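The next block holds one structure in the form of structure tokens; read it before the comments.
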Amino acid sequence: MNRLRLTRSVAIGLAAVLLAATRTVSGDIVRDFRAEVSYDDNVSNSDRGADQRDDFSFAALAHVGWFGELARNLRLTLTADAEARAFTEYSDFNHIIIGATGSLRYRIGLGAMAPFVRVEASGGYANFQQDLQDGARYRAGLTIGKRVIDRLALEGSYFFDDIGGSVRLFDRCSHLLAASARWDFSEKTQVSFDYEFRDGAVISYARRPRPDIVPLVNTQGPVETFGPGYEAYNFDAVTHTLGLGVSQALTQSLSVNFRYEWQHTSRAHLTYTGNVLRLSARASF
Amino acid sequence: MAPHRSFSSLLVALCLWCCCSSSAIAAEIAVTVRDSRGAPVRDAVIYALPVTGKAPPARRQKVEVQQRDQQFLPYVSVVQTGSAVLFPNNDDVKHHVYSFSPAKKFELPLYAGTPAEPIVFDKPGVVTLGCNIHDWMIAYVLVVPTPWFAVTGADGAAQLRNLPAGAYDIEAWQPRLRNQAQPPRQRVNLPAQSSTAFQLDLKPEVRLRRSPTDSGDGYR
């Protein structure tokens, strides 16, 4: 309940800043939309093949807001964010997230080649079909980036994630370090490669009994998302993610994007991997 | 007797003007520009430099590089050294136009409408324009020490007009030209020659992308 109040406060605060900022500084409107279909071959985060479950999901995301210059090199971006995601098989994961994001970007110099530092914070509330997973979520972090040459842009970032559930089993905090490179083959075709290191709580589903996992867990509980006999285990682990993406511009404001992610999570003897494919259309006005 | 004398004087003056003013006859030359594969090159600047090195000073003319739909228009402009250029913003968002180019460094911080004062381009060379708000916005102004210039259209053709007869070095420049330090040059004699052609060695075009990407939005 405290999380819910905090989320509301953050949302109201951001809205107030947005109104104040747009009254004093003119800027551009942000209207970003994304429709996505994705496939995850291990949506259950299971280490044993027999427990692994795969699924497709369909999502629609929107970020609507404003960005403007507070000073010569300082940009403020404020958006209201919404995400709806539905899974074809495991509907417990279906959810709607409403939130807000604020970021400040400082450019050391002018123009596209200038390095930048961006601090960012977001908050939201997720409503899942399975009520146990409902809760507020926050993210805060910092990104540094530089376009090295016309075709190549590099970014590095740190984020702290705090995802809450209505029961402790679904509470997760994690620290995340990421690096990415984007290469423009042409004005229309872009390839990206990224690596992410995440250290924090994960939720893995496995059929009971799993005495080998029990000593590792923060908390656990019976959750029948994947059928009777499954237990959800919340434990701290390290996840490495490698991502490869291709983005093709269709028009100035529309693109199609394909992304592949390989995820490897481990804690002591326990290891699971996942492969995620995402196909999305993005529109930005 | 007096009217007869003045008629003779007029006749002599006319003969002298005809003999001496062949260099004042306005000539023109058609130029075509193609790339190494033979395709027409648009947005190539063609300009004629008199071999004598004497070109008339810049004329007062209204030159504008507009911002419309978050793009510069035109993409390539050419002006004579000393020309003043206005940068009207026709969008309903502000722009922050800048150039780091040695030929003209300037900055027009966040503005809407048309800045009161134009920017004077007082040194020859290439001036690359950008917008600090919208990274994909790019345009070029080529500053040349001559009033005789033109920009090719989609057909790769341009016409240089109203040149006094004489010898000229004609140069061709394009933003993607591989050898920016030494644009290709051809010597022509006008009005004897009425056309010429260039073949340019161009780099692939790399302009910053405007379309949304899946892997971050660095410009925001």
**OP:** Extending each Cα 7 Å along its Cβ direction at A:TYR158 and B:ALA192, get the distance between those two points in nm, one decimal.
**Re:** 7.4
Original post:
When the label point is put 7 Å from the Cα of B:ALA26 along its Cα-to-beta-carbon vector, which residues of the stretch B:154-183 have a backbone N closer than 14 Å?
Top reply: B:160-165
Original post:
What dipole magnitude, in Debye to the nearest 20, does the stretch B:93-213 give about its Cα centre under +1 on Lys/Arg Cβ and -1 on Asp/Glu Cβ?
Top reply: 220
Original post:
Considering chain B, what Rg and Dmax in Å follow from its alpha-carbon atoms?
Top reply: 22.0, 93
Subject >> Interatomic Cα distance distribution for the stretch A:127-285, bins of 5 angstrom, percent >> reply: 2, 8, 13, 15, 17, 16, 11, 8, 6, 3, 1, 0
Original post:
In whole Hz, what ³J(HN,Hα) sequence does the stretch A:59-71 give by Karplus (6.51, -1.76, 1.60; θ = phi - 60°), x for Gly and Pro?
Top reply: 9, 10, 10, 9, 10, 10, x, 8, 9, x, 8, 7, 8
Original post:
Which far-off residues, 5 or more places away or on another chain, put their amide H under 5 Å from the one on B:LEU129, with H placed in the peptide plane?
Top reply: B:ALA139, B:TYR140, B:VAL141
Subject >> Amide H within-cut-off set for A:GLU89, under 5 Å, with H built and near neighbours excluded >> reply: A:PHE56
**OP:** First select every other residue whose beta carbon is under 15 angstrom from the beta carbon of B:VAL31; then total the charges, Lys and Arg +1, Asp and Glu -1.
**Re:** -1
**OP:** Provide the descending list of Cα extents for the stretch B:139-195 along its principal axes, expressed in whole angstroms.
**Re:** 33, 24, 18
**OP:** Between beta-carbons, use under 11 Å as the cut-off and find the net charge around A:TYR205, counting Lys and Arg +1, Asp and Glu -1.
**Re:** 0
Original post:
Using every alpha carbon pair in the protein assembly as shown, what percent of pairs falls into each 10 Å bin from 0 up to the bin containing the largest distance?
Top reply: 4, 15, 22, 18, 13, 10, 8, 5, 3, 1, 1, 0, 0, 0
**OP:** Calculate the spin-label point distance for A:ALA281 paired with A:TRP262, positioning each point 7 Å from the Cα along the beta-carbon direction, and give it in nanometres.
**Re:** 3.1
Subject >> Chain lengthening between A:ALA82 and A:TYR195 when straightened (0.36 nm per residue, less Cα-Cα) >> reply: 38.1 nm
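Please tell me which of these pairs span more than 24 angstrom C-alpha to C-alpha: A:LYS146/A:LYS188; B:LYS62/B:LYS104; A:LYS188/B:LYS203; A:LYS188/B:LYS105; B:LYS54/B:LYS123? Don't skip to the answer; put the middle values down first.
Numbers: A:LYS146/A:LYS188 20 Å; B:LYS62/B:LYS104 19 Å; A:LYS188/B:LYS203 16 Å; A:LYS188/B:LYS105 30 Å; B:LYS54/B:LYS123 16 Å.
From the list (A:LYS146/A:LYS188; B:LYS62/B:LYS104; A:LYS188/B:LYS203; A:LYS188/B:LYS105; B:LYS54/B:LYS123), the Cα-Cα distance tops 24 Å for A:LYS188/B:LYS105.
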Original post:
How large is the Kirkwood hydrodynamic radius of the stretch B:119-220, in angstrom, based on all distinct alpha carbon pairs?
Top reply: 16.6
Original post:
From the backbone phi of the stretch A:107-124, what are the Karplus-calculated ³J(HN,Hα) couplings (6.51 cos²θ - 1.76 cosθ + 1.60, θ = phi - 60°) in whole Hz, Gly and Pro given as x?
Top reply: 9, 8, x, 10, x, 5, 8, 6, x, 9, 10, 10, 9, 9, 9, 9, x, x
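Looking at the protein assembly as shown only, what percent of DSSP beta bridges run antiparallel? Nearest 5 please. Can you show the working numbers first?
Details: 200 of 214 bridges.
Restricted to the protein assembly as shown, the bridges split so that about 95 percent are antiparallel.
Taking the Cβ of B:PRO124 as the centre, find all other residues whose Cβ is under 12 Å away and add up their charges (Lys, Arg: +1; Asp, Glu: -1).
Working: positive: B:LYS104, B:LYS123; negative: B:ASP122, B:GLU171.
Charge balance near B:PRO124 sits at 0.
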Original post:
Considering only DSSP beta bridges whose two residues both sit in the stretch B:56-145, what percent are antiparallel, to the nearest 5?
Top reply: 70
Subject >> Simple Cβ-charge dipole of the stretch A:2-284, Lys/Arg +1 and Asp/Glu -1, about Cα centre, in debye nearest 20 >> reply: 940
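Helix-only estimate, please: 222 nm mean residue ellipticity of the protein assembly as shown, summing -39500 (n - 2.57) across DSSP H runs of length 4 or more and dividing by its residues, to the nearest 500.
Details: 2 runs with 42 residues, N = 505.
Only helices count here, giving -3000 deg cm²/dmol.
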**OP:** Select from A:GLU69, A:GLU155, A:GLU187 the residue whose mean-square fluctuation is largest in a Gaussian network model of chain A (Cα-Cα springs shorter than 10 Å).
**Re:** A:GLU187
**OP:** Taking amide H positions as placed in the peptide plane 1.01 Å from N, state which residues far from A:ASN218 in sequence (5 or more) or on other chains have amide H under 5 Å from it.
**Re:** A:ASN234, A:PHE235, A:ASP236
**OP:** With θ set to phi - 60°, apply the Karplus curve 6.51 cos²θ - 1.76 cosθ + 1.60 along the stretch A:171-179 and write out the HN-Hα couplings as whole Hz, x wherever there is a Gly or Pro.
**Re:** 7, 9, 10, 8, 9, 9, 10, 9, 9
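Take every Cα pair under 8 Å in the stretch B:93-188 that's 6+ residues apart, average their separations, divide by the length, and report that relative contact order as a whole percent. Each step should come with its number before you reach the end.
Numbers: 128 pairs, mean separation 17.7, N = 96.
That works out to 18 percent.
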Original post:
Which value does Rg/Rh take for the stretch A:2-284 over its C-alpha atoms, Rh per Kirkwood?
Top reply: 0.98
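What average count of beta carbons from other chains do you get within 10 Å of the Cβ of residues in B:92-100? Intermediate values should be presented prior to the final figure.
Values: counts 3, 6, 6, 0, 4, 0, 3, 2, 4.
Counting Cβ atoms of other protein chains within 10 Å of each residue's Cβ and averaging gives 3.
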**OP:** Could you tell me what percent of the DSSP beta bridges with both partners in chain B are antiparallel, to the nearest 5?
**Re:** 75
**OP:** Report the calculated FRET efficiency for A:ASP150 and A:ASP236 (r = Cβ-Cβ distance, R0 = 51 Å), to the nearest 0.05.
**Re:** 0.75
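In the calculated pair distance distribution of the stretch B:56-145, what percentage of Cα-Cα distances lie above 14 Å?
On the way: 2396 of 4005 pairs.
Of all Cα-Cα pairs in the stretch B:56-145, 60 percent lie more than 14 Å apart.
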Subject >> Selected from A:TYR39, A:GLY99, A:GLY27, residue furthest toward positive end of dipole (the stretch A:2-284; charges at beta carbon) >> reply: A:GLY27
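Would you mind calculating the gained length between A:ASN94 and A:THR271 on full extension (0.36 nm times residue separation, minus the Cα-Cα distance), in nm to one decimal? Spell out each step's value before the answer.
Working: separation 177, 0.36 × 177 = 63.72 nm, distance 2.59 nm.
Value of the extension gain: 61.1 nm.
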**OP:** Pop a pseudo-label 7 angstrom from the Cα along the beta-carbon direction at both B:LYS123 and A:ARG208 and give the gap in nm to one decimal.
**Re:** 7.9
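Values in this text are rule-based calculations from the coordinates and carry no lab data. Values in this document were obtained by computation on a predicted structure and should not be read as measured data. In this analysis, Cβ positions are derived from the backbone assuming ideal geometry, glycine residues included, and neighbour counts consider all displayed protein chains.
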